[in-house]
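Input: a single structure, listed below in structure tokens.
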Amino acid sequence: MTEFYGHSIALAFYLAASMQEAIDDVCGLGLHPDLPAMHARFLGWLSRARRPRRL
């Protein structure tokens, strides 16, 4: 996704919307989404990206 390079906030919004679509798809199939796993897959990088870097 090179179009989001340097735009992590826009990427976060895009991935959050994608996660919602995935949740809707899973529910549409009559299944129950694994929300913690989906959050980790789509948005888990956010918490890692905000951590201070160790020198």
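The values are calculated or read from the model by the stated rules, or taken from the named source; none is laboratory data. Treat the numbers as computed from the prediction; the structure is a model and nothing was measured. Calculation scope for accessible area: heavy atoms of the full protein, side chains included, ligands and nucleic acids excluded. Shrake-Rupley method; radii C 1.70, N 1.55, O 1.52, S 1.80 Å.
Scanning the range 21-42 for residues that are within 10 Å of the chain's Cα centre (by Cα) and either open to solvent by 90 Å² or more (accessible area, probe 1.4 Å) or among the hydroxyl-bearing types (Ser, Thr, Tyr) (or both) turns up His39, Arg41. Among the residues here, Arg48 qualifies as among the charged types (D, E, K, R), in a helix (DSSP H, G or I), at pLDDT below 80 and over 12 Å from the mean Cα position of the chain (by Cα).
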